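Here the structure is laid out as structure tokens; the discussion comes afterwards.
The values are calculated or read from the model by the stated rules, or taken from the named source; none is laboratory data. What you see is a predicted model; the values in this text were computed from it and never measured. Glycine also receives a Cβ, built like all others from the backbone with ideal geometry; neighbour counts cover every protein chain displayed.
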Amino acid sequence: MSQHAPARRTIGALVAVVTALMVTGCGAVDEDDLFKNMNGHDAPTTSSQGTPQGTPPGDAPPNHADNSRVTRAAAMDPRDEKDARAKAAEAEKALDASRRRGDVGPAAVRTALGRLVGPSVLSVNRLRPARSGAREEGSEFSFGVGATACVSGSVAKNRVAVDVHGPYPDTGCGAPPFTH
């Protein structure tokens with residue numbers, strides 16, 4: 001018997017134990033628990049069917065709920081939501097008047113909404129290109145109302161769109177960028 005035989009047996013036994021632990025999942029750490037709070041959020045809750053809530057049924061990828069978390073707005077306080085809906089109605093009227101005059105650029109939107117919400121909480125940008133790459137003339141905007149509500153939307157030559165929602169995890173009141 002060679003001098004290295006006991007070392008080889010020890011290494012072989014160690015490999016067997018590690019492999020057995022990996023195969024059996026010793027400790028029963030779920031992949032969501034492993035990365036819990038990595039992005040400042042708890043792991044998705046699980047429904048009675050064993051799939052994360054918010055995961056569409058059918059052919060969705062297993063990590064859809066976690067990957068799409070940034071596109072889901074937080075809940076709003078009822079009082080903030082009520083105030084935001086009132087501000088949204090005023091914003092829609094102001095933006096529609098601006099649209100009818102043909103003023104849909106960021107400067108015109110900033111002027112129309114600045115009177116309503118104040119410039120310090122208002123974000124206005126050119127419309128992002130569509131997924132097809134086409135760019136439409138117009139602006140997108142967002143502003144906060146209270147601590148938990150947001151009003152955002154867009155204005156173009158042929159439309160005004162206004163939405164009330166809670167803040168997004170990564171972008172606040174502004175809509176998250178398009179994803180694939």
Restricting region 81-105 to residues that are exposed (fewer than 15 other Cβ atoms within 10 Å of the Cβ) and among the hydrophobic types (A, V, I, L, M, F, W, C), the residue that is farthest from residue 121 (Cα to Cα): 97
Qualifying strands (runs of 3 or more DSSP E) (wholly inside region 68-161; at least 1 residues being among the polar types (S, T, N, Q) and in contact with a Pro (Cβ under 9 Å, 6 or more places away or on another chain)): 122-126, 138-145
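Looking at region 79-126 only, could you name the residues that are among the acidic types (Asp, Glu) and touching a residue at least 40 places away in the same chain (Cβ under 8 Å)?
Answer for region 79-126, where residues must be among the acidic types (Asp, Glu) and touching a residue at least 40 places away in the same chain (Cβ under 8 Å): 80, 81, 83, 92, 96.
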Top-ranked residue of region 147-180 - restricted to ones that are under 17 Å from residue 106 (Cα atoms) and surrounded by fewer than 20 Cβ atoms within 10 Å (Cβ to Cβ), ranked as modelled with the lowest pLDDT: 175
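Among the candidates 134, 94, 112, which residue alone is modelled with pLDDT of 95 or more and either within 19 Å of residue 176 (Cβ to Cβ) or out of contact with any Cys (no Cβ under 7 Å at 6 or more places or on another chain) (or both)?
Values: 134 fails: modelled with pLDDT of 95 or more; 112 fails: modelled with pLDDT of 95 or more.
Result: 94 is the single residue among 134, 94, 112 that is modelled with pLDDT of 95 or more and either within 19 Å of residue 176 (Cβ to Cβ) or out of contact with any Cys (no Cβ under 7 Å at 6 or more places or on another chain) (or both).
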